[in-house]
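Okay, so here's the structure we're looking at.
The values are calculated or read from the model by the stated rules, or taken from the named source; none is laboratory data. Note that the coordinates shown come from a computational prediction; the quantities given were computed from them, not determined experimentally. Every residue, glycine as well, gets a Cβ built from its backbone with ideal geometry; the counts of neighbours run over all protein chains shown. Only protein heavy atoms, including side chains, enter the accessible area calculation; ligands, DNA and RNA are left aside. Shrake-Rupley method; radii C 1.70, N 1.55, O 1.52, S 1.80 Å.
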Amino acid sequence: GIRRKARKKSTRNPPFLANGLRMIGTLNPLDKKVSIIGAGISGLLAGYFLKKKGYEVRIYESSDRAGGLIRTTQTPFGMTENAAHSLLVPENHLAFFKELGLELMPVEPDSKARYIFRNLKMRRMPLSLLELLRTLFNALKRRTPMNPDTSFEEWGNQVLGKPATRFLLTPMVTGIYACAPRDLNAELTFPALFSMSQGPRSFLRTALATRKKGPRPQMMCLKNGMESLVHALSESLKNEILLNSPIHNTDSLSGNIIYGVPAPVLSRMIQKEDPNASEQLSKVSYSTLISATVFFPSSVFNGKIPKGVGVLMPRNEGFRMLGCLFNSSAFHHRVNSADHVSFTVMIGGTSDPGAIHLSDDEIKNIIDGELKTLFKISASPEHIEIWKHKQAIPIYSTVLKNAIFALKTGISSKPGRIVFTNYSGEVSIRGLLQQASTL
């Protein structure tokens, strides 16, 4: 018979990822007591799953409410979200929302399109045929492993080429992290993509070989807004959450400790216990972001209301907007009646840091002018609700990567000390939920 050489599946990983990245530290399973510092979404999720597993949980929150940035408000025109307005829900997470009594709403069937703006048009594919062929050619080339400190912009330019980086990757990462790709560390931000480009095969061949099978996560929102998740988790933990209870150091806490606080706060908290990690955390920066929910009368669109999830704006296309979500097209219940339509506009990020200092009137003028250009209408919005975030999302840079390494080799190197928040490897609610369920 013909002898065939067995092909070894590549298990090569960059050293930084070898022991896992998505949660810093592990529990001490011999101690069933857990103190969680911070009642943001990560702290609430950790508390919920640990309580289910029989742990004695206490959650300490310095402010008078849980949930962090997540906040839903109602206006006379419809719903607004302070932060995330939807999330990707894998099939294995459906039971979690059902347990909490929360109703999920899928994207409307006729509004699943996603657009990128280029040359005065919203396009589902912003690359020309020639640019697309060059992108595929680049993805098929073999290349030497990259420096672990490579920025995501450098990674994109090398692996996919400049057009794909500018018109596909840049809008994507700006929409997720409110950061320009040059500010992001490729390995830290997208470890799976970075790993695919490090082996002996081409990026495209590795990506195809390692693609996940099974149903894709669905984009959904909560019928009563994202804050309903906070309320449901808080209710299930009502005997465990202590509001207005700041923790300045952990000397008085015993058992397992989960830190769910911003990097500057954790830096001060562990200064004596782990001065190296404290110093690295003090250098971590956050992107700023302005989120505005905009309501128009439906009539101004003359029957041509934009359909889809939304549109992202590459830089240098003449807009200060980072993107625009089509709220009421994707989820009809976002407005109180069919007489209005709703959009969410994002401005700022690391590519426009000065935007956070604009007055509300200046922001409204920008939104008014740019939406008129985008939608080719002459009418102004009827109502604009503005949220400003001076510390919106941690910047997943090499600086943060160094801080994570310091935590992994310092305070979190022994079981019982975990850092679990939006700078420990996941910024999305979906990612945080997935990690909390594995505690």
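Below are the figures for this structure:
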quantity: For region 137-177, average projected area of the Cα convex hull in nm²; calculated: 3.1
quantity: Assigned charges on the beta-carbon of Lys, Arg, Asp, Glu; region 320-405 dipole about Cα centre (debye); calculated: 380
quantity: Cross-link partners of LYS33 among aspartates and glutamates (Cα-Cα below 13 Å; sequence separation of 8 or more within a chain); calculated: GLU56, GLU240
quantity: Area of LYS414 that stays accessible when all protein chains are in place (1.4 Å probe, Å², to 10); calculated: 150
quantity: Of PRO76, PRO29, PRO191, the one that fluctuates the most in a GNM where the chain has Cα springs shorter than 10 Å; calculated: PRO76
quantity: Segment SER63-GLU273, extension gain: residue separation times 0.36 nm, minus the distance between their alpha carbons; calculated: 73.2 nm
quantity: Kirkwood Rh in Å, taken over region 287-439 so that all alpha-carbon pairs contribute; calculated: 17.9
quantity: Size of region 232-352 as Cα extents on the principal axes (Å, biggest first); calculated: 64, 42, 19
quantity: Kirkwood-type radius of region 299-383, with distances r between different C-alpha atoms, in Å; calculated: 13.8
quantity: Nonlocal amide H pairs with SER351, under 5 Å, H built at 1.01 Å; calculated: ALA180
quantity: Descending semi-axes in whole angstrom, ellipsoid equivalent of the chain, from the Cα gyration tensor; calculated: 34, 31, 21
quantity: For the chain: accessible area per residue (Å², 1.4 Å); calculated: 49
quantity: Long pairs among LYS51/LYS388; LYS112/LYS223; LYS53/LYS98, criterion Cα-Cα beyond 23 Å; calculated: LYS51/LYS388
quantity: J(HN,Hα) series, region 93-106, from Karplus relation 6.51 cos²θ - 1.76 cosθ + 1.60, nearest Hz, glycine and proline x; calculated: 9, 4, 5, 4, 5, 5, 4, 7, x, 9, 9, 9, 10, x
quantity: Against the rule of thumb 2.2 N^0.38 Å, how large the Cα Rg of region 22-110 comes out; calculated: 1.34
quantity: Shape parameters for region 252-313, alpha-carbon atoms, Rg then Dmax in Å; calculated: 22.5, 64
quantity: For region 153-273, convex hull volume per residue from C-alpha positions, Å³; calculated: 226
quantity: Solution diffusion estimate, µm²/s, Stokes-Einstein, region 15-171, Kirkwood Rh from C-alpha pairs, 10 °C, viscosity 1.306 mPa s; calculated: 76
quantity: Added length on full extension, which subtracts the Cα-Cα distance from 0.36 nm per residue, THR438 to GLU99; calculated: 120.3 nm
quantity: Rounded percent of accessible protein surface that carbon and sulfur make up, region 63-166, 1.4 Å probe; calculated: 56
quantity: P(r) histogram, all alpha-carbon pairs of region 111-166 included - 5 Å bins from 0, percent; calculated: 4, 18, 22, 20, 16, 10, 7, 2, 0
quantity: Calculated [θ] (222 nm, deg cm²/dmol) that DSSP helices of n ≥ 4 give over the chain, each run adding -39,500 (n - 2.57); calculated: -8000 deg cm²/dmol
quantity: For region 100-200: Kirkwood Rh in Å [reciprocal of mean 1/r, alpha carbons]; calculated: 15.3
quantity: Region 68-114 - Rg (one decimal) and Dmax (whole number), Cα, Å; calculated: 13.1, 36
quantity: Debye equation applied to the C-alpha atoms of region 36-86, log10 I(q)/I(0) at 0.15, 0.29, 0.31 Å⁻¹; calculated: -0.51, -1.05, -1.11
quantity: Rounded accessible area of THR26 (nearest 10 Å², 1.4 Å probe); calculated: 80
quantity: Rounded to the nearest 20 debye, dipole of the chain from Cβ charges on Lys, Arg, Asp, Glu; calculated: 2800
quantity: Within the chain, percent of DSSP bridges classed antiparallel, to nearest 5; calculated: 70
